[in-house]
Amino acid sequence: MPIFSFKKTQRLLNTSDYKQVFDNNRVKVANSSLLILAKPTDGCPSRLGLVVAKKNIPTAVQRNRIKRVARETFRKKQFQGSLDVVFLARQGAGKLSTEKLTAIIEKSWAKLDSRFKILKQQDA
């Protein structure tokens, strides 16, 4: 049984990591509640960066819930390859129930994985 932890090696930690994904993203998944940008990487485990702005999600409780759900679903998702991912919450995401938010994010991870798989086949 795999261990689903969220180690420091699985996080985007500094500005340059985020900038690399924003500038060089190859895969996007958009939804009315979120935007996911991803860039393939070499060898290291997939890493996640979260952008949940106060402007879009007004209360700290909502922002923390969105981040918690995003991290949890990311931990459980086993991607086909290595990706650097930036998760951006849009306005209205805080108003979704936890169950609906979880379903939307899990569907987005699956879509990201399938698009990444297609991208790998095109590059090969």
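For this structure, a couple of remarks:
Matching residues to (1) buried (at least 16 other Cβ atoms within 10 Å of the Cβ); (2) at pLDDT 95 or above; (3) among the acidic types (Asp, Glu); (4) closer than 23 Å to PHE6 by Cα:
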{"residue": "ASN24", "(1), (2), (3), (4)": "no, no, no, no"}
{"residue": "LEU37", "(1), (2), (3), (4)": "yes, yes, no, yes"}
{"residue": "LEU112", "(1), (2), (3), (4)": "yes, no, no, yes"}
{"residue": "GLN121", "(1), (2), (3), (4)": "no, no, no, no"}
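- If you go through the stretch 61-91 and keep only what is more than 13 Å from SER33 (Cβ to Cβ) and in a loop (DSSP other than H, G, I, E, B), you end up with LYS77, GLN78, PHE79, GLN80, GLY81, SER82.
- Candidates LEU83, LEU88, LEU48, filtered to the one that is buried (at least 16 other Cβ atoms within 10 Å of the Cβ), within 15 Å of ASN31 (Cβ to Cβ) and touching a strand residue (DSSP E or B) at 6+ places or on another chain (Cβ under 7 Å): LEU88
- GLY94 being in contact with a helix residue (DSSP H, G or I) (Cβ under 7 Å, 6 or more places away or on another chain) and part of a loop (DSSP other than H, G, I, E, B): no
- Filter pass, GLY43 being touching a residue at least 40 places away in the same chain (Cβ under 8 Å) and either in a loop (DSSP other than H, G, I, E, B) or under 14 Å from LEU101 (Cβ atoms) (or both): no
- For the stretch 73-94, the set of residues classified as of a type in the set (A, V, I, L, M) and touching a Phe, Trp or Tyr at 6+ places or on another chain (Cβ under 8 Å) consists of LEU83, VAL85, VAL86, listed by residue number.
- Verdict on ILE57 being at negative phi and free of Cβ contacts under 8 Å to residues at least 12 places away in the same chain: no
The values are calculated or read from the model by the stated rules, or taken from the named source; none is laboratory data. The model shown is predicted, which means the values in this text are computed figures rather than measured ones. Note that we place each Cβ from the backbone using ideal geometry, even for glycine, and neighbour counts take in every protein chain shown.
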